[in-house]
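The values are calculated or read from the model by the stated rules, or taken from the named source; none is laboratory data. In this text the structure is predicted, and so the values were computed from the model without any measurement. Glycine also receives a Cβ, built like all others from the backbone with ideal geometry; neighbour counts cover every protein chain displayed. These area figures cover heavy atoms from the full protein model, side chains too; ligands, DNA and RNA do not enter into them. Shrake-Rupley method; radii C 1.70, N 1.55, O 1.52, S 1.80 Å.
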Amino acid sequence: MVQPGEPLVELKNVSMTYGQGANAVKAVDNLTLTIKKGEFIAVVGPSGCGKSSMMKLISGLKPTSEGTLTIEGQPVKGPINKVGMAFQASNLLPWRTAVDNVLLPLEIVQPHRSRMSKEKAAYREKARALLESVGLGGFTDKFPWQLSGGMQQRTSICRALIHEPEILMLDEPFGALDAFTREELWCATRDIHQKRGVTAMLVTHDLREAVFLADTVYVMSDRPGKIVKVQHVDLPRPRDLEVTYTKPFQDLVHELRSHIGKH
Ligand code: ADP
Ligand code: MG
């Protein structure tokens, strides 16, 4: 069992190419990085540079073309259920209430799937508690169309967490939200990370978001995505939104900006 602060995910010289021959598209190139258990990393870079591809590699949805990728020291050979994912579009099923959307992965992922029928009430209670913990206590039985964009995204993050994954992957989850709602969701994400001790990987275009949430920010080049800058964020935790107005914060954002799109 990997302890907090020890290496959880390790990529060594990992490359990945879609397609073959004349249709080959190299998405990521020579990625080497270590994500520690409990760490929050952010990945930033231009559109199409391979950020989502990197997530698909780590979650085992795509195989590496070169290099080695391990989680807890074990090579990743296929989809792993240690991962929970949330995306820019919340992808909630419109005919299910918030709580039933959160329960969805448990109907698919073992060992929960076999237990679901016997322990439905307990699982439902857990989903409700999770929604309550992100401020949706009064909305558990609402349908997606009865929820605001921010509430839908909170629900989507709860769905990613319901099977207690080791790693939470967030692929531009707040991109479609207005600025104020986005900042509220930053705080909700910060609290989830802090309370649950989950390891988190956030893909974002928003450098302020990356610096606010992450311990380490990786800047990727244009496709094929290479890591061109590793920035540690040593701002003390817990961070509140006030920190975004301070000079150390803004200096970090500025520094990251200087590495985007130069390569
Ligand atoms: P990002 O998330 O940084 O915007 P992606 O990882 O989605 O980038 O894509 C990286 C590159 O790989 C892009 O050029 C994209 O067109 C290509 N790509 C992504 N998915 C596929 C696929 N299934 N087949 C072929 N090429 C793909
Ligand atoms: Mg993407």
Open item on the list: Tell me whether the range 151-174 contains one or more residues that are more than 23 Å from E10 (Cβ to Cβ), in contact with a strand residue (DSSP E or B) (Cβ under 8 Å, 6 or more places away or on another chain), open to solvent by less than 10 Å² (accessible area, probe 1.4 Å) and charged (D, E, K, R).
Closed with: no
- [ ] Check the range 25-43 and report whether any residue there is more than 19 Å from T216 (Cβ to Cβ), open to solvent by 50 Å² or more (accessible area, probe 1.4 Å) and in a loop (DSSP other than H, G, I, E, B).
- [x] no
- [ ] Check off (1) in contact (Cβ under 8 Å) with a residue 12 or more places away in the chain; (2) closer than 21 Å to E172 by Cα; (3) loosely packed, with under 15 Cβ neighbours inside 10 Å for P248 and give me the number that stays unchecked.
- [x] (2)
Task: Scan of the range 36-48 for residues that are at pLDDT 95 or above and either near ligand 2 (Cβ under 10 Å from one of its atoms) or closer than 23 Å to G73 by Cα (or both), ordered by number - done: K36, K37, G38, E39, F40, I41, A42, V43
TODO: Please indicate, with yes or no, whether at least one residue in the range 47-60 is in contact with a helix residue (DSSP H, G or I) (Cβ under 9 Å, 6 or more places away or on another chain) and either more than 8 Å from ligand 1 (Cβ to nearest atom) or assigned to a strand (DSSP E or B) (or both).
DONE: no
- [ ] Go through (1) surrounded by 15 or more Cβ atoms within 10 Å (Cβ to Cβ); (2) over 25 Å from G261 (Cβ atoms); (3) free of Cβ contacts under 8 Å to residues at least 60 places away in the same chain; (4) among the aliphatic types (A, V, I, L, M) one by one and return the number of the condition M85 breaks.
- [x] (3)
- [ ] Could you tell me whether any residue of the range 86-94 is within 15 Å of ligand 1 (Cβ to nearest atom), within 21 Å of the chain's Cα centre (by Cα) and closer than 20 Å to E164 by Cβ?
- [x] yes
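Here's the yes/no breakdown for (1) closer than 22 Å to L177 by Cα; (2) among the polar types (S, T, N, Q); (3) part of a loop (DSSP other than H, G, I, E, B):
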| residue | (1), (2), (3) |
| --- | --- |
| S90 | yes, yes, yes |
| R115 | no, no, no |
| A121 | no, no, no |
| A127 | no, no, no |
| L131 | yes, no, no |
TODO: Among the residues of the range 66-82, count how many are within 16 Å of ligand 1 (Cβ to nearest atom) and surrounded by fewer than 16 Cβ atoms within 10 Å (Cβ to Cβ).
DONE: 2
TODO: Search the range 61-83 for residues being assigned to a strand (DSSP E or B) and out of contact with any Leu (no Cβ under 6 Å at 6 or more places or on another chain), and hand back the single one that is nearest to ligand 2 (Cβ to nearest atom).
DONE: V83
TODO: For the range 24-36, indicate whether the set of residues that are closer than 24 Å to M1 by Cα and hydroxyl-bearing (S, T, Y) is non-empty.
DONE: yes
- [ ] Among the residues of the range 157-173, count how many are acidic (D, E), in a strand (DSSP E or B) and more than 16 Å from ligand 1 (Cβ to nearest atom).
- [x] 0
Open item on the list: Can you report the number of residues in the range 174-211 which are within 17 Å of R257 (Cα to Cα) and more than 16 Å from ligand 1 (Cβ to nearest atom)?
Closed with: 2
Open item on the list: Name the residue that is surrounded by the fewest Cβ atoms within 10 Å (Cβ to Cβ), counting only residues in the range 192-202 that are part of a helix (DSSP H, G or I) and either of a type in the set (A, V, I, L, M, F, W, C) or touching a Ser or Thr at 6+ places or on another chain (Cβ under 8 Å) (or both).
Closed with: K195
